[in-house]
Amino acid sequence: MLVRIGSRGSRLALTQAELAAERLRRSGVEIALVPITTAGDRDRTKPFGEIGARGVFVKELEEALLDGRIDVAVHSAKDMTSTDVEGLAVGAYLAREDPRDALCGVSELRPGMRIGTASVRRRAQLLALEPTLSIEPMRGNIDTRLRKRGERGLDAIVLAACGLDRLGLAGEIGLRFDPEQLLPEAGQGALALQVRAGDEHVTARADDAETRRRVEAERRCISSVGGGCLAPVAAYHDGTVLRGLVAAEDGTWVRRVTGDDPETVGRELAALAVSS
């Protein structure tokens, strides 16, 4: 049986696709990797809001699945929309790696620093921690952003720790933020293997039940908030409790909710956003 795995073409995406392939390989199964360019890859200069909402890195992969051009799409779970596209399902979540955000370039935040990130979630929480920071937009793949930090004279940039770890770049990390400082994006640290509905058996052997439990709770929470990639919202389940956050983009206020039921946490966050 041939299993065609679709992936973005960046070094990190292909590394992640190979991690998925390793989990799916078995006797009688042949794996083919199919690189696909997404809207988020084609335009690396505009803010995400000018390209589209959350999902700019997954739409073309989902279309390839629906068209039958690939059998499995590998996504960073944090890039997915909070609800499944009709006709598609997450057949497996690989065991979650480090979900934390990483500060690269320095080992601590200091007043007046210039920090690069394209994430409004990170921007809001960084400014809440240190209001004198100058947060500058920065896009591109991991290698590009690490290079741009030096070219632009930034003090630091913030990236997902898991991506750096997967590329063997953990040495670039000066600080891994505790989730109490920077609450991670829903799904951060996890890889999602998306398939056509009814084809879940193709990836079932790779599914990590505990990762699925936590990430699905986070996605349901964000869905209930009604937030997306452009809204300063976050959700993270540590295995014991679900934590949700909503904030002003400039960090002037941050509201946190903890609980067990994702929909309840999400609704409370939505209400706090309206009243703040």
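The values are calculated or read from the model by the stated rules, or taken from the named source; none is laboratory data. Because the structure is predicted, anything quoted here is derived from the model rather than measured. Ideal geometry is used to build each Cβ from the backbone, glycine not excepted, and the neighbour counts take in all protein chains shown. The accessibility values were calculated without ligands, DNA or RNA, using every heavy atom of the protein model including side chains. Shrake-Rupley method; radii C 1.70, N 1.55, O 1.52, S 1.80 Å.
Let's see how each residue does on (1) at positive phi; (2) basic (Lys, Arg); (3) at pLDDT below 85:
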site	(1), (2), (3)
ILE5	no, no, no
ALA21	no, no, no
GLY49	no, no, yes
ALA53	no, no, yes
GLY68	yes, no, no
ASP71	no, no, no
SER76	no, no, no
MET80	no, no, no
Taking SER275 as meeting all but one of (1) open to solvent by 50 Å² or more (accessible area, probe 1.4 Å); (2) in contact (Cβ under 8 Å) with a residue 12 or more places away in the chain; (3) of a type in the set (Gly, Ala, Ser), write down the number of the exception.
(2)
Would you say GLY251 is buried (at least 17 other Cβ atoms within 10 Å of the Cβ), assigned to a loop (DSSP other than H, G, I, E, B) and in contact (Cβ under 8 Å) with a residue 40 or more places away in the chain?
yes
Would you pick out the residues in the stretch 150-194 that are in contact (Cβ under 8 Å) with a residue 60 or more places away in the chain, closer than 21 Å to GLN125 by Cα, surrounded by fewer than 21 Cβ atoms within 10 Å (Cβ to Cβ) and in contact with a strand residue (DSSP E or B) (Cβ under 7 Å, 6 or more places away or on another chain)?
ILE173, GLY174, LEU175, ARG176, PHE177, PRO179
